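Student: Take this structure, written in structure tokens, and hold onto it; I'll ask about it next.
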Amino acid sequence: MRPVTRTTQTRKPARTSLTTRATALGLAALLAWTVQGATAPAGAGPSDTGLKGAIDEILTDPRLDGGAAGVVVADAETGTTLYQRNSGDRLMPASNTKIPTSVAAMALLGPDHHFRTEVLATGRQYAGTLHGDLYLRGTGDPTTLATDYDRLAARVAASGIRRVTGRLVADDTRFDGNRLGRSWAADDESSYYSAQISALTLAPDTDYDSGTVIVEAAATSAGRHPAVTLTPRTDYVRVDNRATTVGSGRPDTLTIERAHGTNTLVISGEIPVGASPTKEWITVDEPTGYATAVFADALAAHGVRVDGPTRLGLATPASAKPVAVHRSMPLKQLMHPFMKLSNNMHAEALTKAVGYETSGSGSWSAGLAAIDAYLAKEGVDTSVLRQVDGSGLSRMNLYPAGQLAGLLLAVRDAPWYADWYASLPVACDPDRAVGGTLRRRMCDTPAALNARGKTGTLTGASALSGYVRDAAGRQLVYSVVLNNHLASSVKDIEDAIVVTLASSDTAAGEIAKADLRPERRVNDSSDALECTWQKPRARC
């Protein structure tokens, strides 16, 4: 631990209480700092030697010149505001949008909510033959794996069905047919963090990135196409392998993308002999069809033959009889991959599920209306913000830091708060399932294994909001939302504010400012997105 120099001030009267308690979030790559005394950089100017002066000085960083910053710090117990800068300004929160989405889901669905994926049958079963249709019905589970569909198929076979004379029908009608969120970028079409949303979908691994397939291309011998494998194995997507293996020492230029509006995966470029395989998570077009195709393959593998065609998007008749069911993990457990890894698809599935639960409509508009109503009950002034999706991927989302911080204060007395709090990333915890998007940040400081927060990153937008205990054990709520910066990363500015809080006795006015280390990473375009959105080379 580096030395901490404290400056002591006379304790001032408590500032006005947060009436709209708020906060915001941030993520991406972590830049280190040194915890030092409050020595102002050239031209800084703040003369206040307390918390205000320390945070004001951090915010004089030239990377924020011409940008915007909304910052709020409050006492978690009393709600008393300890610091605020532009707390009412509407800023792009990026993945801090997942804070209101996640707490509304916990409140409106409940921590023990399970998604169900069901197989049902119509018609009559006789001597191993189902004279009717077999239905696969989803309710929005974003965590269903190929192994889960395989187990469903095994249960169908165990029920005695060996042949289906009718069709295999996919029922994804719990959600509407809108697959992509409002104003999501078109050039993200094949990027796994921008997958299509369906009530019936599939995730390829236990990061639960629903609506995607893992594509791996490995070098073979010079002059030949690389070897390509898919996880899960499926014919639902087509591989167009245009790439070439070249001699060792040549540049690796191999890319994998899905062609616009198709399920054709285009492998192009060159991969040198001896190079590590290129591995990408690629979205599919129409995830309902993807999940159903994998289930159909599983049925065949278990000896169940379906004579008729596969149909998508038809509702299951009320007369259908259950054959098999898969239940997801409870919501309180699902919160962990969702929040720790900032999973966009989970956020959107939960938004539509909340809409269905509250109004019978599994749509973004219904879900967002329910989230808005819940926030208003918690004292958030929803008239001063705009939320158009559940994840924060849209650049149309606008939140004041004050409203985010207020929400973080308000939910502390909720019966599910402990479960939700546990889902927040933990600074410098090396376990990815615990540290999540903060696991490489704020290490070797008093914030390590102390600060919890939700991160958020888009080009020109960065946020970090959550909770931290100061040096005397006082729990604080903080929200830092930074916008319109040209620098590739401002994460160390967020971290310096949180480390300052963790290093200081805020009640006694003994403030230990964390200064930014001069060697800052610049021109790193990967900082334009959440680090977990940069698979498989994520730094977090």
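What follows draws every value from the coordinates through simple rules; no lab data is involved. Because the structure is predicted, anything quoted here is derived from the model rather than measured. All Cβ positions, even for glycine, are placed from backbone atoms using ideal geometry, and neighbour counts span all protein chains on display.
Student: Under a Cβ-only charge scheme (Lys and Arg +1, Asp and Glu -1), can you give me the dipole magnitude of the chain about the Cα centre, in debye to the nearest 20?
Tutor: 640
Student: Would you mind finding the longest exposed-site-free stretch of the chain, with exposed GluC sites (Glu not before Pro) meaning DSSP loop and at most 14 other Cβ atoms within 10 Å?
Tutor: Longest run free of exposed loop sites: 78-518.
Student: What does the convex hull of the alpha-carbon atoms of region 212-283 project to on average, in nm²?
Tutor: Computed as one quarter of the Cα hull surface, the answer is 4.3 nm².
Student: Residue separation times 0.36 nm, minus the C-alpha to C-alpha distance between residue 373 and residue 257: what's the value?
Tutor: Length gained, residue 373 through residue 257: 37.8 nm.
Student: Could you give the semi-axes, largest first, of the ellipsoid that matches region 68-117, computed as the square roots of 5 times the alpha carbon gyration tensor eigenvalues and rounded to whole Å?
Tutor: Sorted largest first and rounded, they come to 30, 16, 6 Å.
Student: Would you order 169, 246 from fewest to most other beta-carbon atoms within 10 Å of each residue's own beta-carbon?
Tutor: Neighbour counts put them in this order, fewest first: 246, 169.
Student: Strictly greater than 44 Å: what percent of every Cα pair in the chain meets that?
Tutor: Roughly 22 percent, once rounded to a whole number.
Student: Could you tell me what fraction of 2.2 N^0.38 Å the Cα radius of gyration of region 189-233 comes to, as a two-decimal ratio?
Tutor: Taking the Cα Rg and dividing by 2.2 N^0.38 Å, one obtains 1.45.
Student: Find which of 251, 368, 482 sits farthest along the positive direction of the dipole of the chain, computed with +1 on the beta-carbon of Lys and Arg, -1 on that of Asp and Glu, about the Cα centre.
Tutor: About the Cα centre, the residue reaching furthest to the positive side is 368.
Student: Charges only on Cβ, +1 for Lys and Arg, -1 for Asp and Glu: so what's the dipole of region 164-246 about the Cα centre, in debye to the nearest 20?
Tutor: The calculated dipole for region 164-246 is roughly 300 debye.
Student: On to the next question. Starting from the Cα of residue 418, step 7 Å along the direction of its Cβ; do the same at residue 159; then give the gap between the two resulting points in nm.
Tutor: 3.9
Student: A further question on this structure: So if we plug the beta-carbon distance of residue 151 and residue 264 into 1/(1 + (r/R0)^6) with R0 = 25 Å, what FRET efficiency do we get, rounded to 0.05?
Tutor: 0.25
Student: What share of Cα pairs, in percent, lie more than 22 angstrom apart in region 108-196?
Tutor: Here the tail beyond 22 Å accounts for 46 percent of pairs.
Student: Return 163, 179 ranked ascending by Cβ neighbour count within 10 Å, so the fewest neighbours appear first.
Tutor: Sorted ascending by nearby Cβ count, the order is 163, 179.
Student: Something else about it: For the chain, what is the mean residue ellipticity at 222 nm derived from helices alone (per DSSP H run of n ≥ 4: -39500 (n - 2.57); sum divided by total residues; nearest 500 deg cm²/dmol)?
Tutor: -6500 deg cm²/dmol
Student: Could you give the Stokes-Einstein D for region 132-273 in µm² per second, using the C-alpha Kirkwood radius, 4 °C, 1.567 mPa s?
Tutor: Estimated via Stokes-Einstein, D reaches 74 µm²/s.
Student: Sticking with this one: Rank these for me by crowding, 112, 171, 56, going from fewest to most other beta carbons within 10 Å.
Tutor: 112, 56, 171
Student: Compute the FRET efficiency between residue 185 and residue 508 as 1/(1 + (r/R0)^6), taking r as their Cβ-Cβ distance and R0 = 60 Å, and round to the nearest 0.05.
Tutor: 0.80
Student: Here is a follow-up. Past 26 Å, Cα to Cα, is the threshold; run 332/352; 52/377; 332/377; 52/340; 352/491 against it and keep the listed order.
Tutor: 52/377; 52/340; 352/491
Student: Hey, another quick one. Report the label-to-label distance for residue 77 and residue 396 in nanometres (one decimal), using points 7 Å from each Cα along the Cα→Cβ vector.
Tutor: For residue 77 paired with residue 396, the spin-label model returns 4.4 nm.
Student: Now for a separate question. Go from 0 up to the bin containing the longest alpha carbon distance in region 289-407, width 10 Å each, and give me the % of pairs per bin.
Tutor: 11, 29, 31, 17, 9, 3
Student: While we're on this one: Suppose the chain between residue 472 and residue 221 were pulled fully straight at 0.36 nm per residue; how much longer would it get relative to their current alpha carbon spacing?
Tutor: So the extension gain works out to 84.2 nm.
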